[in-house]
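One structure below.
Computed from the coordinates by the stated procedures, all read-outs in this text should not be read as laboratory data. Note that the structure is predicted; figures quoted are calculated from it, not measured. Neighbour counts run over all protein chains shown; Cβ positions are idealised from the backbone, glycine included.
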């Protein structure tokens, strides 16, 4: 290469690199399709999947694999999610929007402290339960009180929302999804969510799911990551690790690892469509 062509070549390379760096985030997001790589979790992230991660003992705002969800996709609360989960969610959001269906994230990542606040507010009666029961005043037996709260709320350290893979959409009421706008949205999710890697972990209790939380039509998980984390939880989480909040002594008696962390729909235990 002669002396004249070398500077020209370098200039061209600078221009090409600058163009690639300026690609909009929406273009980057739409270049990703499901299924993802066979490893599901990149090797660079595997070292970050510790027991503390599984139990939500970290700050998602400071975690390199998490991002703040833009206001367009959530309610007024600041919410965080894994970056890989968000990319696939955007694809699903845009597909649904083309059919006049709009997903709104009402809950995403909740760390241990956040879940502890939710749990203890219910445990002490500060938050009244779904069927107008004051858990502290109406249920004196600790084991029965814990099981009642566990109908819809996880013990701190055991929630899938710790992982950044799970989101709640639009409403926290199953009946909302049974008619009108809610039924249209839920029907769309049932028919299409799996195309983007999402699955409803808490389906109606029955022959295929006998333990765990009551049905939650609003709760959806991103399988390419959450199946790996579910397996890690199965291998590494023990009931005796569940501690640090009111009522934690009931965890082992209830066997929350087996009955709740692993008490999900069989359809959400594999990444196969």
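Put the Cα centre of the range 81-108 next to the Cα centre of the range 229-273 and the gap is 27 Å. Modelled spin labels at residue 121 and residue 195, positioned 7 Å past Cα toward Cβ, are 3.7 nm from each other.
Shape class of the range 178-233 from the Cα gyration tensor (axes a ≥ b ≥ c, square roots of the eigenvalues): oblate, since a/c reaches 1.5 or more and a/b does not exceed b/c.
Between residue 253 and residue 178, take the C-beta separation as r, use R0 = 25 Å, and let me know the FRET efficiency to the nearest 0.05. The formula returns an efficiency of 0.10 here.
Let me know the shape class of the range 130-225, please: from the alpha-carbon gyration tensor, a ≥ b ≥ c as square roots of the eigenvalues, rounded when a/c is under 1.5, otherwise prolate if a/b is greater than b/c, or oblate.
Since a/c reaches 1.5 and a/b is larger than b/c, the shape of the range 130-225 is classed as prolate.
Stretched out straight at 0.36 nm per residue, the stretch from residue 269 to residue 62 would grow longer than its current Cα-Cα span by 71.6 nm. Once you have a ≥ b ≥ c as the square roots of the Cα gyration tensor eigenvalues for the range 77-161, tell me rounded if a/c is under 1.5, and otherwise prolate or oblate according to whether a/b is larger than b/c. In terms of gyration-tensor shape, prolate. Calculated FRET efficiency, residue 75 and residue 246, Cβ-Cβ r, R0 35 Å, to nearest 0.05? Calculated value: 0.80.
Normalised by the number of residues in the range 25-268, the average gap of Cα pairs under 8 Å and 6 or more apart makes the relative contact order 22 percent.
Between the range 49-66 and the range 148-186, the C-alpha centres lie 21 angstrom from each other.
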